[in-house]
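The values are calculated or read from the model by the stated rules, or taken from the named source; none is laboratory data. Note that this is a predicted model, so its numbers are computed, not measured. Note: ideal-geometry Cβ built from the backbone for every residue, glycine included; neighbour counts use all protein chains shown. Note: accessible area is taken over every heavy atom of the protein model, side chains too, but ligands, DNA and RNA are not part of it. Shrake-Rupley method; radii C 1.70, N 1.55, O 1.52, S 1.80 Å.
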Amino acid sequence: MTAEPIRRVAVISLHTSPLLQPGSGDSGGMNVYVRELMSSLSQTGVECVTFTRADREDLPAEVFVEPNHRVVHIEAGPHHLPKEALPEISDQFCHGVMEWFRANGAPDVIHGNYWLSGVVGHHLKHELGVPFVSTFHTLARVKAEGGDPEPVWRDRAEAEIIKCSDAICVSCVEEEEQFRRLYGDPNGHIEIIAPGVEQALFAPGAQAGARHALGEDPDVPVLLFVGRIQPLKGPDVAIRALWRLHQAGRSTARLLIVGGASGHEGDLETERAHSLVDELGLHEHVEFISPQPHHILSTYYRAADVVIVPSRSESFGLVALEAMACGIPVVASAVGGLQSLVDDGVTGRLIDGRNPLDFAAAIGEILNDDEVRISMGKAAVEKASTYTWAAAAARLAALYDDIASRPMVQCR
Ligand code: UDP
């Protein structure tokens, strides 16, 4: 069976828009992934249409991110809805997307991001009879393993989506292994589409200039944590590691925490992080900074000596990749995709478990040895240079063409 190459892709991103500023709420790596991957794909001539829910009254119906990649806002339910209420409006959302297809033509493939979009994508697959690709970003069983259990109905919904996906995209070998261990072999392919990094923005630059721009003392080492504040990301580990370094008299470093709270748990975690800083007497050494756009975030990376990523689980870890692209060593937990990204002892350090003492020891070794820090930074840039959105898009295009040439996976 041969098929025409894929010309039009419908991307579903129900719960969060690729147009949002990442780094707080539900906006993070997935938003960057959808925006950058689909924009790169669109530059190859594939028309990409990303559907997201209108969560404000003043949004235009469509926004062009690139000439060939637009974001369509679908009205479904009241604008302000908590994430937990979104399953209730998924039929309405689906209906809105179908209406758009009726008016503008149907896609050749549907690509769902996150399980809520997977539910919609699965339904659209059967309505339209076109192949369906899933990227989960996180899965209930993975979260449960990391100590964050999800409701059983989410797990059931994910199992349904997995059964009927023509392909499932993961970001790295660790994610594929984890998927097969927790869910077995799916009916469709599993394809590794490693994300990229915006190389033109995230590139090495002068540390002194970056510190000056941020008002940081040029002689005081800077540790950096970037990401949504929630227990999963471990900001407390970064704070305690800083405390350990100060306690041991090994450094006078400052810690910059860039990002905002994510969800109710995130609000509590933010409160806990502030209390911890007070309790440990670190308020002069820790600064909380609101989420920053990528072109400014690159200055934060360049100002840093070490970027800390102490996550409990991480399907990939864009922050680690961005830091590496800027030539900054990364000290990360040895979990998920961080294990693919960080070469222990070469581009940074991988830490088993989340003991702040272990993080502090690894950070201290890098801070106190310029030769190590500089050589890790160089190796990090080299490694990061292999991750481009163009390569990810080429791989995705090949996957779409491949599944279009095969009989569709059927769940019923
Ligand atoms: N991010 C950002 N501004 C911030 C904090 C984070 O743009 O202030 C971006 C960050 O650059 C990265 C993404 O949010 O591209 C986070 O992705 P990651 O894979 O590290 O974590 P996730 O959010 O997917 O859990």
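What to note about this one:
- For segment 105-146, the set of residues classified as of a type in the set (D, E, K, R) and open to solvent by 20 Å² or more (accessible area, probe 1.4 Å) consists of ASP108, GLU127, ARG141, LYS143, GLU145, listed by residue number.
- In segment 301-325, the residues that are within 12 Å of the ligand (Cβ to nearest atom), out of contact with any strand residue (DSSP E or B) (no Cβ under 6 Å at 6 or more places or on another chain) and within 16 Å of LEU214 (Cβ to Cβ): TYR301
- Answer from LEU223, LEU232 - the residue that is buried (at least 19 other Cβ atoms within 10 Å of the Cβ), part of a strand (DSSP E or B), within 16 Å of the ligand (Cβ to nearest atom) and within 22 Å of the chain's Cα centre (by Cα): LEU223
- Matching residues, segment 147-176, being open to solvent by 60 Å² or more (accessible area, probe 1.4 Å) and touching a strand residue (DSSP E or B) at 6+ places or on another chain (Cβ under 9 Å): VAL173
- Single condition GLU36 does not satisfy, out of (1) away from the ligand (no atom under 16 Å from the Cβ); (2) closer than 21 Å to LEU318 by Cα; (3) acidic (Asp, Glu): (1)
- Failed condition for VAL258, given (1) β-branched (Val, Ile, Thr); (2) open to solvent by less than 40 Å² (accessible area, probe 1.4 Å); (3) free of Cβ contacts under 8 Å to residues at least 12 places away in the same chain: (3)
- Every residue from segment 346-372 that is more than 26 Å from the chain's Cα centre (by Cα), under 20 Å from HIS246 (Cα atoms) and open to solvent by 30 Å² or more (accessible area, probe 1.4 Å): LEU357, ALA361, GLU365, ASN368, ASP369, ASP370
- Residue within segment 12-21 that is open to solvent by 10 Å² or more (accessible area, probe 1.4 Å) and part of a strand (DSSP E or B) present: no
- Subset of segment 113-133 [in a strand (DSSP E or B) and under 15 Å from the mean Cα position of the chain (by Cα)]: ASN113
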